[in-house]
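Take a look at the structure set out below.
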Amino acid sequence: MTAVSMVVNGKTVSKDIDPRTLLVQFLRDDLRLTGTHVGCDTTQCGCCVVHVDGLAVKSCTALAIQFEGSQVTTIEGLANGADLHPMQAAFREHHGLQCGFCTPGMIMMAVDIVRRKGNDLDDKTIREELEGNICRCTGYHNIVKAIHAGAEAMGGLSKAAE
Amino acid sequence: MAMTMKGAVALPAEREVVWAKLNDPEVLKACIPGCQSLDKTSDTSFTAVVKLKVGPVGATFKGSVELTDLDPPNSYRISGQGEGGVAGFAKGGARVELTDPPEGEPGCTLNYDVEANVGGKIAQLGARLIDGVAKKTADQFFANFAAAVRAG
Amino acid sequence: MSATGIGASVRRKEDFRFITGKGQYTDDVNRHGQAHAAFLRSPHAHAEIIRIDAAAALAMPGVVAVFTGDDLAADKIGGLICGWMIHSKDGEAMKAGGHPALAQGKVRYVGDHVAVVIAETLSQAKDAAERIVVDYRVLPAVVATSDALKPGAPVVHEVAPDNAVYRWAIGNEGETQAAFAKAAHVTKIDLVNNRLVPNPMEPRAAVGDYDSGQDAFTLYTTSQNPHVARLVLSAFIGIAPEHKLRVIAPDVGGGFGSKIFIYAEETVCVWAAKKVGRPVKWTSDRTEAFLADAHGRDHVTHAEMALDDKGRILGLRVHTTANLGAYLSTFSSSVPTYLYAPLLSGQYAIPAIYCEVDAVYTNTAPVDAYRGAGRPEATFVIERLVEVAARETGSDPAQFRRKNFVKSFPHQTPVIMCYDAGNYTAALEKALEMADYRNVGKRKRESERRGLLRGVGISAYIEACGIAPSAAVGSLGAGVGLWESAEVRVNPIGTVEILTGSHSHGQGHETTFAQLVSERLGIPIDNVSIVHGDTDKVQMGMGTYGSRSGAVGMSAIVKALDKIEAKAKKVAGYCLEASDQDIEFRDGKFTVRGTDKEIDFASVALQAYIAHKFNGQDLEPGLKESAFWDPTNFTFPAGVHICEVEIDPATGVTHVDRWTAVDDFGEVINPMIVEGQVHGGIAQGIGQALLEGAVYDAAGQLVTASYMDYSMPRAEDLPNYRIGMTQTRCPSNPLGIKGCGEAGAIAAPPAVINAITDALGHEDIAMPATPQRVWRAVQKMAPKLAAE
């Protein structure tokens, strides 16, 4: 067993874990943060995307012990209390989810796309940037719409904050 | 997943010397990539443990190796099969034939004609890598074997 | 229309938990003291099991138990079943080979279940599974659909020595031959409907639990129909009587058919929970899902269409070989028969149809219903035939369809179905308009100037949904009735719980069903909750598949709401001192006709429970009603999809440039959700046409067993969709709903292939039309086109 300590959704957590524990197993099994999902074994589906130190990471392909001291945000930590993150609200408003299983990873990736590509996104950019996230329900049409809207809303918020 | 390979290597030793090494478990054990053990169960059969890695799947295969169609000191068929538990199975064989070297060169030529088959997880996840791995494994075996022959 | 009533695009109630990570899927369920299961699967497609040595595995750290098929047999646990009896045309019953949950003596496909290891942790279970030594005697395998019936093919089950499960036929052979005899033109095609892996994003999972104090089992499982799972596990497999077995299907992350079936893994988990005295959890990894989830499609078909000299369809004859895999999955036998051939008439008036289906065993994963189930296969046959026939006779494909459409209703086809309502021409005209069909030629020339090949493809589909009238399906061999149940529980303060036997795994029932109740009872939508997926809460149900939840599930709710209204009127009558015959109910208020006396719904609910205004002997207290709805007919959603593709002849890459869908789903409760269903269906259909295919090698190894090798549709592969609707009310249910869940997956594949073949100028392309295949097909184009 190896000791690991990191900040998850603003709270410091320390645990003794099997060194081969993946970050997603640490989040789901040790911390019971089950919003982060596992949809494949080969880092393709993106159901497991979380943010580590501000960057999107597929938590199924990283060992928990790699992130000693890191800041981790999962889907459970995205909303500000009762206020949904604009990207969460956009997914609901534009029906960007059906079964909901890929949704946490989609939303975390969408927020990362905005971080990297800005608030004014075209369809092509969004579709390209979703290469690592698979949804089987929506046919992506409404996910693309939601990310447009979420990105704009995030821009509005950050402008308002300036 | 089946694959086949053919090739030839020039060896700097007489046919009888090479033949003896082809039948020496210690030499074979040293040459088979990933071979953990090779124990004789009869003059022509062995039990073997081989570690093999295909892409993301690594496994220890336990199985048997058998020599058939013996025509000393010219040719035999070496075949093996192993079960790798959850990783699946591997089986295969090679016809090995020693022939005269090209005009004017010393030693002999070892010709091989390999066929290999894998199944289970190793095929499911490593399908696109298997040809490469099989070729690399065969190349390595014969390179090791050539080195063993050279070392006498 | 109210903001939350029928017809409004109400944002989904269930979304809050999904977008905040609070969904509760089966793998999120953890029971105190649970152990973890790992399955040892066959690496061979076909082999005898000589011996299983688990000694080394049992000695591994953390191992609780190792079980094999012998342990299940010792406990008299029955095999998995197929619940639909099909008879061959000679009257013989289908040949169902035994299907033990853990192999007994033989394995029949790669991924077949050999043993289970139960350990403290999943890693320990997996590590120990590596140590189980199995001696196999490997047997030759039969893999390809078209090889199964060949003389001398390896035999998968001894009960079927020629690998034929059944040789079935439907229609009128004599009339059909006569139609062909007088035909002016016959169009012939050979088609392969490619094998697909359903791939809901949530892999299957199960948690079995046993309460020794109650002598009762609980199974949490990824199911589309928990009551059917309980019925099968209880009555056929013999886990426990139904009243001692609770099945819970919590949030389920997509199903597409693959979670209808009762599989080996949940059977073993719930059985083993009692054996080891603690909860047992299993979660599939993606490769296991590829290996052992029931696959879909896999037909090989030859089809012919007879035309008269005016281009009218005279007859259709079809021969299909359907691969059912190594074992008969739960509903597999019905898919290439009654869910397939009765739809071969499509939207067309065809006087004579004859179809033969040979279903075969092979050493591959079981094949069963996948989104559309039989109907996409039928639509692919008829819509490819119609397209090719139009081209061969020099007609415009739209005009050819228009000419042959069914135009009056009801319309009895020669293959069982009686289409009750529709307007196929209206959908076609609207789709052509939306797709700007008249300017396709111009767009083709523009593409040509850029060195690209543009093609347009039409698909006019029909499906039979709202599955299904119980007596009718019973006469066709179904082992169950296909009604649905509902219970309406009005609480004393006027909030309402709806218990439904339908199961939502992405369809948004918590919203749509609540819209119906909100509108009907005139109460806020937030005062309605939908309860489903738990056999201890909902008395009985048949689950969700075959686009049945709206047409059948909601009809049951309507029927229960009718009873609620009748009872509430009686209560209101006592409160308002009037006869219940004089009470009117509208917008949540009960009024006495012709007076200003009124009482609202919540007050009536309270009065029903406190029972102060009436005598309990005259009227039972309480306000709770239940109903079972058994449909009187299938429903017949139909529509026209038009696809426009651009092919790069240099690379063979097909880009879907435009997609137009015009569907007639009857009445629509929530357009936003319905459109979402259409989008998702189209994506799966485009996936089948362009990207997806399960591939076994000659030895039966599945070489597309992960997302590295099985191409799932990604955002970049798909276009934005233009969605339109036409509407003819469904006459066979109270809401007029036809169903929408499968439409896109049914319509899309022929639309794509018709577009590609239009671009190519020849018909020689198979699904999936990968860049490699399309590039090769481009090389076969007529010289003039290929030179461009």
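See the values below:
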| read-out | value |
| --- | --- |
| Average beta-carbon neighbours from other chains, 10 Å sphere, peptide C:702-711 | 6 |
| For residues of C:674-683, the mean tally of beta carbons on other chains within 10 Å | 5 |
| Peptide B:83-94, shielding by other chains (average Cβ, 10 Å cutoff) | 4 |
| Long pairs among C:Lys570/C:Lys738; A:Lys124/C:Lys738; C:Lys106/C:Lys150; C:Lys589/C:Lys613; A:Lys58/A:Lys117; A:Lys58/C:Lys13, criterion Cα-Cα beyond 24 Å | C:Lys570/C:Lys738; A:Lys124/C:Lys738; A:Lys58/C:Lys13 |
| Radius 14 Å from Cβ of C:Arg391, net charge of other residues (Lys, Arg +1; Asp, Glu -1) | -4 |
| Neighbourhood charge, 10 Å Cβ-Cβ cut-off, centred on C:Asp112 and excluding it, Lys, Arg +1 and Asp, Glu -1 | +3 |
| Packing-based order for C:168-178, C:460-470, using average beta carbon neighbours within 10 Å, highest first | C:460-470, C:168-178 |
| For the stretch C:594-703, Kirkwood radius (reciprocal of mean inverse C-alpha pair distance, Å) | 21.0 |
| Peptide ranges A:39-52, C:7-20 listed from the most packed, as the mean C-beta count within 10 angstrom indicates | A:39-52, C:7-20 |
| Shape category assigned to chain C from the gyration tensor of Cα positions, a/c cut at 1.5 | oblate |
| Net charge contributed by nearby residues that have their C-beta within less than 13 Å of C:Pro631 (K/R +1, D/E -1) | 0 |
| Lysine pairs meeting the criterion (Cα under 24 Å, 8 or more apart or interchain), as found in the stretch B:2-77 | 16 |
| Whole-Hz couplings from phi, Karplus 6.51/-1.76/1.60, listed for the stretch C:529-535; x for Gly and Pro | 10, 10, 10, 8, x, 8, 5 |
| Relative packing of C:368-374, B:36-42, C:60-66, which averages over residues the other C-beta atoms within 10 Å, highest first | C:368-374, C:60-66, B:36-42 |
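Coordinate-derived values only; no laboratory data. Note that this is a predicted model, so its numbers are computed, not measured. Positions of Cβ are generated from backbone atoms using ideal geometry, with glycine treated the same way; all protein chains shown enter the neighbour counts.
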